[in-house]
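What follows is a set of notes on a single structure, which appears directly below.
The values are calculated or read from the model by the stated rules, or taken from the named source; none is laboratory data. Worth saying up front: this structure is predicted, and the values here are computed from it rather than measured. In this analysis, Cβ positions are derived from the backbone assuming ideal geometry, glycine residues included, and neighbour counts consider all displayed protein chains.
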Amino acid sequence: MVLIRGEPGLSNAKRILSLSAAFAAALNGTMVMPLVVMALNHVDGVSESMATVIASLEIAGIALYCLIAPRLASRTPRTLAIAGVVVLASGEALTHVLNTVPLLCAARLLTGLGEGALFSIITAEIASEKQAERIWGQINVIGGVCMGLLLFGLSALPPVPGRGSIFLWLAGFVLLMAPLILGVGRQRAATHAAVTGNRLPRGQIALILFVVLLVYGVQAGQWAVSGYVGDLAHIPPTRVGLFLAISSVAGFAGAVVPSLTRNPALRLWFVMAGFVVMAVSVYWFFNLIGAAHFLLGQVFVNVGFYMVTPFVTGLLTENDPDGALVLRTLVVALIGAAAGTALAGELLVRSGPAWFSLLAIAAVGAGALGALLVFYRLHLLHGAAGGDESGSLVLPEGHITGTRP
């Protein structure tokens, strides 16, 4: 485990494991969303379109929590961790037993509220940390492996009548993570970075939020139409599902880059490299037909995505006094993902795969430009202030605070 802020190795490892467990539990529903939709579709009286609507309320629950209670975790993290686990596990269990559309909608909304609560304790725990991108990178790697193993396990379940036991497995996963989740806050960093006069200007934060919107929109959009690409390549649907599961797990390898980055001067180049990987992979995925191209294209789209997002989230975290800013950023990410999903099908049908890939690459390019404007300025400020490889950075009074990996 990479040490952070000079804390003792054991306590820091426990802290990262606790945060990773909360991350895995908070985002496992979105990770296995296709399986959730399929299970709901097997409930009597629930059509395919209605199953999608019911499942989407889980995402709405996450967004709702982020909007109504963004600062609660900074005051009562332990209590909220317990409540989040109970609410999330209850929502999954209720989804297993309820049979009417209104009640299923309520259960998925409850699930999302629990997930939002767990995500909020992560943002509150690492708010203002000077090495936030490294922490986010480690959380993505460890939590991503846990979610990937869950996805593989659920995908391997034998077919059964009805909705099966997927929601019981999801509830069990949350309870399995609970002992680690409840440790959040016990190994809290001794000090947090001051975020007073040297914060990023609002215009720069708005630009970063725009980058988040585009990156998540592209990621979700290409994921939404991946089945169509698989059909063009004559890949059986079961193998498409397996390839997507593999690519989801392998893609978290991209988060290794921010998790190990120690030199702030390299941050700009790694972020730009992540955007390049995303753009090239999107073109590869939609223009080179075949099973191998499908799998590798998806893997590297995800690798690029997870190279970029911990750096972006880390920068916002370092300028976030209580976690509320990052929670609202999650809402922007969800809006981007929803918009990308909603627009992707129509754009693909109207333009075809080749033109669709160019549109997606244009969105990636716009995101890269926005990130360049923010990270290049920080890069220059770091050079002017003489930051070293340990990440320490002293800026002239009134300058934007540099970030430390």
### Task
Answer yes if at least one residue in the stretch 49-63 is in contact with a Lys or Arg (Cβ under 8 Å, 6 or more places away or on another chain), among the hydrophobic types (A, V, I, L, M, F, W, C) and within 27 Å of GLN138 (Cβ to Cβ), and no otherwise.
no
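Would you be able to say whether some residue in the stretch 21-43 is farther than 23 Å from GLY143 by Cα and not in a helix (DSSP H, G or I)? Talk me through it step by step, then tell me what you get.
Step one: list which residues in the stretch 21-43 are farther than 23 Å from GLY143 by Cα, which gives 38-43.
Then keep just the ones that are not in a helix (DSSP H, G or I); that gives 42-43.
Checked against the condition, which is being farther than 23 Å from GLY143 by Cα and not in a helix (DSSP H, G or I), the stretch 21-43 yields at least one hit.
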### Query
If you go through the stretch 271-315, how many residues are closer than 22 Å to ALA354 by Cα and among the aliphatic types (A, V, I, L, M)?
15
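Could you check the stretch 218-279 for helices (runs of 4 or more DSSP H) lying wholly inside it with 2 or more residues that are in contact (Cβ under 8 Å) with a residue 12 or more places away in the chain and within 19 Å of ALA371 (Cβ to Cβ)?
Working: elements: 226-232, 237-251, 256-260.
By residue number, 256-260.
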### Message
Against the definition (within 20 Å of SER248 (Cβ to Cβ) and modelled with pLDDT under 90), how does ALA344 come out, yes or no?
### Response
yes
### Task
Only residues that are crowded, with 21+ Cβ neighbours inside 10 Å and either among the aromatic types (Phe, Trp, Tyr) or in the same structural domain as ALA253 (by TED's automatic domain parsing) (or both): list them for the stretch 161-174, please.
PHE167, PHE173
### Task
State yes or no: is GLY274 out of contact with any strand residue (DSSP E or B) (no Cβ under 8 Å at 6 or more places or on another chain), buried (at least 21 other Cβ atoms within 10 Å of the Cβ) and closer than 19 Å to ALA366 by Cβ?
yes
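For the stretch 348-357, give me each residue that is touching a residue at least 60 places away in the same chain (Cβ under 8 Å) and surrounded by fewer than 20 Cβ atoms within 10 Å (Cβ to Cβ).
So the first thing to find is which residues in the stretch 348-357 are touching a residue at least 60 places away in the same chain (Cβ under 8 Å), and the list is 348, 353-354, 356-357.
Residues satisfying the conditions are PRO353, ALA354.
Restrict the check to the stretch 19-33 and report whether at least one residue is surrounded by fewer than 16 Cβ atoms within 10 Å (Cβ to Cβ), at pLDDT 85 or above and of a type outside the set (Lys, Arg). Show your work before the answer.
Here is the first cut: in the stretch 19-33, the ones surrounded by fewer than 16 Cβ atoms within 10 Å (Cβ to Cβ) are none.
Scanning the stretch 19-33, I find no residue that is surrounded by fewer than 16 Cβ atoms within 10 Å (Cβ to Cβ), at pLDDT 85 or above and of a type outside the set (Lys, Arg), so the answer is no.
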